[in-house]
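The structure under discussion appears below in the form of structure tokens.
The values are calculated or read from the model by the stated rules, or taken from the named source; none is laboratory data. Keep in mind that what you see is a predicted model, and the values were worked out from it rather than measured. Neighbour counts run over all protein chains shown; Cβ positions are idealised from the backbone, glycine included.
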Amino acid sequence: MRSTVSNVMTTEVAAVNQKASFHTVAELLIDKGVSGVPVLDDDNRVLGVVSEADLLAKEEFKERYYGDDYRPPLCARVRHTAGSEGSGYRKSLGETAGELMTSPAHVIDPDAPVVTAARLMDRYGVKRLPVVDADGRLLGIVSRRDLIKVFLLPDKDIEQRARDAVRADTYGLNVTVTDGVVTLSGTLPEHSQAVTAVRLAENIDGVVAVHDELGWKHDDIADLPMWGGA
């Protein structure tokens, strides 16, 4: 069975209400040693995420002018608000988490496979995903570090899962695992069974790679028309 987000997520989550002040958010990020936190409404629903980058938008905008006390003229404020940098400018004026956050947040279901979480993080370029229930309420958070946990499964556990998946005892196959690398050897009745066995082993949580040393008695794959057989 493949791991789900609920198996690896962190349930003790640093989060802030949308009304939390800039100072409160900054303190939380520093105290917890995190780079971003979910922003919640009064019903614990995730509205967005506020990160270090969101807070730094304020300082970044101020540095474009000659002094921190300088307020840009109206024409400049309108230009930044309407232009491609409008979002950053608006955040530079933000005073609460709700005004500073990036919204909507990219979230995930606790029953989603770990691989789905990894793909979403890669797609959206984020380091963590709030985990929510069907009503959008916060249950936990899953980070890139959490996803790596699936590769720390002991070799003996991976071996047993691999043996069960490829039915090693039924077919007399040998299964060994070293540092997450599975080696399959032995002989199966059909070529297609060998291909399937490798794929099943590759899909087991914690498997880094599969070394295929399997043989077969009959090449049923070559018999298929697409392979040019008879």
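Go through the range 117-129 and give me each residue that's under 15 Å from PRO104 (Cα atoms) and touching a Gly at 6+ places or on another chain (Cβ under 8 Å). Selection gives ARG128 alone. Only one entry in LEU40, LEU29, LEU55, LEU47 is out of contact with any strand residue (DSSP E or B) (no Cβ under 9 Å at 6 or more places or on another chain) and either buried (at least 17 other Cβ atoms within 10 Å of the Cβ) or at pLDDT 90 or above (or both), namely LEU55. Residue-level check: of (1) within 26 Å of the chain's Cα centre (by Cα); (2) part of a helix (DSSP H, G or I), GLN193 misses just (1). The condition of being in the same structural domain as ARG128 (by TED's automatic domain parsing) and either without any contact (Cβ under 8 Å) to a residue 60 or more places away in the chain or of a type in the set (Phe, Trp, Tyr) (or both) holds for only one of ARG163, ARG144, that being ARG144. What do you reckon, is ASP205 part of a loop (DSSP other than H, G, I, E, B) and among the charged types (D, E, K, R)? Yes; evaluated as a whole, the condition is true for this residue.
Quick grid of which residues meet (1) assigned to a helix (DSSP H, G or I); (2) in contact (Cβ under 8 Å) with a residue 12 or more places away in the chain:
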{"site": "ARG2", "(1), (2)": "no, yes"}
{"site": "ASN7", "(1), (2)": "yes, yes"}
{"site": "VAL13", "(1), (2)": "no, yes"}
{"site": "LYS19", "(1), (2)": "no, yes"}
{"site": "VAL25", "(1), (2)": "yes, yes"}
{"site": "ILE30", "(1), (2)": "yes, no"}
{"site": "ASP42", "(1), (2)": "no, yes"}
{"site": "VAL46", "(1), (2)": "no, yes"}
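Look at the range 113-126: where a residue is assigned by TED's automatic domain parsing to the domain that holds ARG144 and in contact (Cβ under 8 Å) with a residue 24 or more places away in the chain and a partner is of a type in the set (A, V, I, L, M, F, W, C) and assigned to a helix (DSSP H, G or I), sitting 6+ places away or on another chain with Cβ atoms under 7 Å, you get VAL114/VAL5; VAL114/VAL8; VAL114/LEU147; VAL114/VAL150; ALA117/VAL5; ALA117/LEU147; ALA118/LEU147.
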